[in-house]
1. Identify all residues within segment A:96-123 that are within 12 Å of A:Leu137 (Cα to Cα) and surrounded by 23 or more Cβ atoms within 10 Å (Cβ to Cβ); write none if there are none.
2. Going through segment A:30-62 one residue at a time, which ones are among the aliphatic types (A, V, I, L, M) and within 14 Å of chain B (Cβ to nearest Cβ)?
3. Looking at this structure, is B:Tyr117 in contact (Cβ under 8 Å) with a residue 60 or more places away in the chain, among the hydroxyl-bearing types (Ser, Thr, Tyr) and within 13 Å of another protein chain (Cβ to nearest Cβ)?
4. In segment B:201-227, how many residues are crowded, with 17+ Cβ neighbours inside 10 Å, within 22 Å of B:Leu190 (Cα to Cα) and either of a type in the set (A, V, I, L, M, F, W, C) or without any contact (Cβ under 8 Å) to a residue 60 or more places away in the chain (or both)?
5. Kindly establish whether A:Gly89 is outside any strand (DSSP E or B) and touching a residue at least 12 places away in the same chain (Cβ under 8 Å).
6. Do we have any residue at all in segment B:198-220 that's among the charged types (D, E, K, R), within 24 Å of B:Thr73 (Cα to Cα) and not in a strand (DSSP E or B)?
7. Pairs under 6 Å by beta carbon, first residue crowded, with 23+ Cβ neighbours inside 10 Å in segment B:64-78, partner modelled with pLDDT of 95 or more and of a type in the set (S, T, N, Q), six or more apart or different chains?
8. Of the conditions (1) away from chain A (no Cβ under 14 Å); (2) under 19 Å from B:Phe258 (Cβ atoms), B:Asn166 fails just one. Which one is it?
Amino acid sequence: MKKLFTLCVGLLSVLPFWAQGFEFQFEGQSLNNDETVIIVAEEDLFGDLSCETNNMMDPGNGLILKLLRNTTANATATLQISHNSLNAGNMQWCMGDECTPMNNQTSLTKRFTVNGSETVQFDATNISGEGYLLATLKVTIGLESRQVNIVFVNGDYDGIQTLPQKENGREAVYDLHGRKVQGKPSSGMYIITDGKRVRKVAIK
Amino acid sequence: MLKRYTYSILALVCLLLTGCDRIAEDERLIYDPIVLEDNQNDIPEEGKPEQTKRVVLLEDFTGQRCVNCPKATDIIEQLQEVCGDAFVAVGIHGGPTAFAGNANVVGLKTDIGDEYYTHWNLEYQPVGLVNRHAPINYTEWIEAVKEELVKPATLRLKGTAVLEDNTITINIDAQGTNGTVDGKLQVWLLEDGIKALQLMPDNKPADQAYIHNHVLRTAVNGTWGEDFSIKEGETERRTMALDIEPKWNREQLSIVAFVYNDQGVQQAAKTKVEIIE
């Protein structure tokens with residue numbers, strides 16, 4: 001009986017280490033591991049066609065990495081771009097106090113300290129081509145790893161394997177996290193795809 | 001037990017006695033501009049020209065789309081406050097985060113900014129060159145500037161710039177003060193007080209009325225300057241002229257001159273453009 005009690009106490013004491021230590025959030029909502037965020041190209045403040053994970057006028061309300069248990073932690077983040085047909089004039093990835101151009105590289109790892117939360121600033125600006133970009137951001141803190149898929153789209157997205165395609169010849173509606181919306185969507189911003197093109201629509 | 005306590009107390013006493021050694025003023029790692037000013041009046045060695053202080057040049061590679069670049073500007077302002085005219089900063093808008101501008105938004109990117117960014121093989125922003133040594137992150141600028149400030153100067157540089165009608169006439173006077181200097185003389189035109197859009201760090205919204213200072217507008221004597229050589233004790237004057245562009249604010253212009261070679265920037269000087277009505 002005593003041994004069983006000791007075992008239970010031991011298990012309970014290590015339980016916090018198994019609990020989720022961080023998560024990705026998009027527009028204030030938690031993302032599941034390996035979830036997809038779809039961002040449609042829009043004209044930014046500079047007047048350029050851009051996709052950005054955090055809007056220039058409201059940064060910190062887009063894609064962020066948030067610690068759930070500790071106030072500070074050392075993180076390793078890898079951004080991997082697997083497809084890019086956007087023909088963006090510039091791409092930059094800012095995390096850990098440093099902005100790094102991503103025009104000429106498809107994979108980059110950064111190590112930095114997170115204090116509470118860290119904004120994921122990944123931008124493709126001055127887009128001149130119809131196409132899409134697929135990237136995966138994987139973050140490891142301690143023994144825990146989580147990733148988010150980032151999809152930038154301008155116009156024709158035909159061929160994106162990770163994006164759900166048109167179903168039964170009808171337009172499909174997704175929320176900004178890339179989750180398929182069943183039934184009539186409530187008010188808000190949505191991604192509507194017809195199998196060939198994607199567009200961002202505000203439903204009131 | 002008593003023996004163990006005795007050792008502990010002895011160790012503590014030793015630590016107290018040695019832990020508070022007085023450090024001589026000249027060994028402290030604190031930049032003191034007054035000491036630097038005094039160095040100007042050091043009595044020169046017999047037969048040598050009067051020595052001069054070293055002015056340090058920081059090339060800040062920046063961009064309006066660079067969210068962390070305003071943090072680097074904060075460091076520059078700290079350095080300017082502490083070092084005064086012994087420190088010259090130049091904001092070079094080039095590379096991927098620089099913005100060229102369009103009909104609605106002011107852009108500060110220049111072709112030479114891009115050329116410098118490419119030439120120095122820079123990989124991120126903000127990043128800077130202190131006296132044209134290896135590129136370093138803005139968090140290391142203060143230490144790097146301190147190290148350069150204490151190095152002896154090899155020449156004295158002084159510039160004057162006068163704007164009459166639409167032309168700036170620039171005179172750069174140099175005097176060799178320590179050995180022979182071979183390299184290039186580079187002269188740049190800068191502008192302060194430009195109000196233009198800037199992305200901001202720490203989740204602050206973009207600032208559409210951000211004031212950009214010490215912005216590189218153009219190179220007066222070519223992208224890489226002109227050949228320059230001076231021996232100890234010699235003096236030399238270089239004169240050049242530049243027509244200004246209508247978009248530049250003539251009240252906010254200044255000239256930066258510096259001599260550099262493979263060992264880095266040897267001396268720098270900054271002067272405001274004087275307007276003759």
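1. Listed by number, the residues that qualify are A:Val120, A:Gln121, A:Phe122.
2. Across segment A:30-62, the qualifying residues are A:Leu45, A:Leu49, A:Met56, A:Met57.
3. no
4. 6
5. Here the answer is no, as A:Gly89 does not meet what is asked.
6. yes
7. If the second residue must be modelled with pLDDT of 95 or more and of a type in the set (S, T, N, Q), the pairs left are B:Gln64/B:Gln198; B:Cys69/B:Thr62.
8. Result: B:Asn166 fails condition (2) only.
The values are calculated or read from the model by the stated rules, or taken from the named source; none is laboratory data. Everything numeric here is computed off the predicted structure, so don't read it as measured data. In this analysis, Cβ positions are derived from the backbone assuming ideal geometry, glycine residues included, and neighbour counts consider all displayed protein chains.
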